[in-house]
Ligand code: UD1
Ligand code: MG
């Protein structure tokens, strides 16, 4: 099979990826190929597929307005500038100089077909290498050929050309075999055909697709390699296509995880980005979004209704109805429901962050618990400490953030406010409702609240007064 390993000798293959178009149908400030599918820009999906067939050279055609694409390309890619977007044929022509003297095969594909994988490219290349064609193109039969170019064949089934849907007559529009937009050409015939393409069509564009008809007319053979999976060829031209492509990619990612031993309770409502890893026997409950560089261990239950971004979660973690980002959660932790864990937070093994708790940039020691209604920010909490309900670290004085240090085996009373910077030593306690402004030494109780006084009979007198008032009314 194919492999992207660096040891393999590069084949006599150049790949040309077309990505100069602005993608006007996207109605976006962002170049089309930078729109993301499952956490990766389209151009990255395409670059990865291309890299896996190990080409000697990779050229990417960019134009004005899409310079930002450059920084998303692999180092080895050569950028070719297409001065004006005169069409896909013109975009390939722009590579002529850079490929001067190159004699192998040239694979041309578009930056807006992110679902084509390396496996399909490899198959197409093999077909081309075995056949004696000047061009081998990828095609697929669609129930709805929509806006794709149609593949024309003669009565003996030989490919004679491609007609764009805008230029197609009724008979051609009825053709269901379409151009996937991936082609392998022999270099010589490609440049010859490109030099003959005109812009005599409804769009006034130089269509790469015309190269096929020109080759055939010239007596060269063109073969269409028909693939069965119609989802592969989806070209993203609008936000509708973007959503359709993302849905297919999402399904592929989930299937990969399920086949590797992850239970996905409801694939329809589960969103997992391409780079996320999930260990065996972990269950992903419905309405859960796992994104960015998130890595999840084995035997976890994640969800329902949770969002986890760029977070490392170890084995056996339970996380429900929560939002977690940029954090590390060690084995056996319990998070949720309704918990907000923010960047820079690490929960050590067996820790708990419970309902309506927000933790930011803090380290919570092994076995420590923050069970209810607290805000812990910029804090260091030791092991086996219990934070009472409704504790707040007042970490911000309006100018600077300060740290709170709470030791191991500490028990804080409900509604404690720690006015940072402040420290509660190991084995200390706080009284409920205390505002802690001074350090508490090890083993001591910190308490700061007004002593209670009881006013004799006050409540009874009040309630009798109310009853009297009612009777009068
Ligand atoms: C193209 C094909 C169509 C095929 C479909 C598959 C042509 C004329 N038509 O149509 O037969 O079925 O893809 O998805 O090729 N680009 C440039 N420079 C340009 C114009 C376009 O680099 O001057 C790039 C675009 O950035 C894009 C790609 O070429 O990534 C394809 O262009 P697009 O406008 O999307 O072509 P389609 O209409 O989708
Ligand atoms: Mg397109």
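The values are calculated or read from the model by the stated rules, or taken from the named source; none is laboratory data. Source: prediction; values computed, not measured. Backbone-built Cβ (ideal geometry, glycine too); neighbour counts: all protein chains shown.
Quick look at the numbers
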| quantity | calculated |
| --- | --- |
| Boolean, residue 89 is in the same structural domain as residue 18 (by TED's automatic domain parsing), surrounded by 14 or more Cβ atoms within 10 Å (Cβ to Cβ) and either within 25 Å of residue 230 (Cα to Cα) or away from ligand 1 (no atom under 14 Å from the Cβ) (or both) | yes |
| Some residue of the stretch 144-153 being more than 37 Å from the chain's Cα centre (by Cα) and more than 10 Å from ligand 1 (Cβ to nearest atom) | yes |
| Among (1) more than 10 Å from ligand 1 (Cβ to nearest atom); (2) assigned to a loop (DSSP other than H, G, I, E, B); (3) at negative phi, the one test that residue 204 misses | (3) |
| Evaluation of residue 442 against (1) assigned by TED's automatic domain parsing to the domain that holds residue 382; (2) in a helix (DSSP H, G or I) (one fails), failing number | (2) |
| Residue match in the stretch 201-214 (condition: touching a helix residue (DSSP H, G or I) at 6+ places or on another chain (Cβ under 8 Å) and closer than 24 Å to residue 286 by Cβ) | no |
| Which listed residue, of 246, 193, is crowded, with 20+ Cβ neighbours inside 10 Å and part of a helix (DSSP H, G or I) | 193 |
| Residue within the stretch 174-182 that is farther than 19 Å from residue 13 by Cβ, surrounded by 21 or more Cβ atoms within 10 Å (Cβ to Cβ) and more than 16 Å from ligand 2 (Cβ to nearest atom) present | no |
| Tabulated pairs, the stretch 20-40, first part of a strand (DSSP E or B), second within 14 Å of ligand 1 (Cβ to nearest atom), C-beta under 6 angstrom, 6+ apart or interchain | 37/114; 37/245 |
| From 236, 206, residue being within 17 Å of the chain's Cα centre (by Cα), in contact (Cβ under 8 Å) with a residue 60 or more places away in the chain and under 30 Å from residue 194 (Cα atoms) | 236 |
| Qualifying positions in the stretch 449-463 - loosely packed, with under 10 Cβ neighbours inside 10 Å and within 23 Å of residue 418 (Cβ to Cβ) | 450, 451, 452 |
| Pairs, first over 21 Å from residue 229 (Cβ atoms) and outside any loop (DSSP other than H, G, I, E, B) in the stretch 104-117, second within 10 Å of ligand 1 (Cβ to nearest atom) and at pLDDT below 95, C-beta under 6 Å, six or more apart | none |
| Test: residue 288 is more than 20 Å from residue 338 (Cβ to Cβ) and touching a strand residue (DSSP E or B) at 6+ places or on another chain (Cβ under 8 Å) | no |
| Lone unmet requirement of (1) surrounded by 15 or more Cβ atoms within 10 Å (Cβ to Cβ); (2) modelled with pLDDT of 95 or more; (3) out of contact with any helix residue (DSSP H, G or I) (no Cβ under 8 Å at 6 or more places or on another chain); (4) outside any helix (DSSP H, G or I) for residue 233 | (2) |
| Within the stretch 113-138, tally of residues that are within 15 Å of ligand 2 (Cβ to nearest atom) and over 23 Å from residue 191 (Cβ atoms) | 4 |
| Breaking point among (1) at pLDDT below 95; (2) within 16 Å of ligand 2 (Cβ to nearest atom); (3) outside any loop (DSSP other than H, G, I, E, B), for residue 68 | (2) |
| Number of positions in the stretch 374-389 that are closer than 24 Å to residue 338 by Cβ and in contact with a strand residue (DSSP E or B) (Cβ under 7 Å, 6 or more places away or on another chain) | 11 |
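Matching residues to (1) in the same structural domain as residue 104 (by TED's automatic domain parsing); (2) at pLDDT below 95; (3) more than 16 Å from ligand 1 (Cβ to nearest atom):
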{"residue": "182", "(1), (2), (3)": "yes, no, no"}
{"residue": "210", "(1), (2), (3)": "yes, no, no"}
{"residue": "219", "(1), (2), (3)": "yes, no, yes"}
{"residue": "229", "(1), (2), (3)": "yes, yes, no"}
{"residue": "262", "(1), (2), (3)": "no, no, yes"}
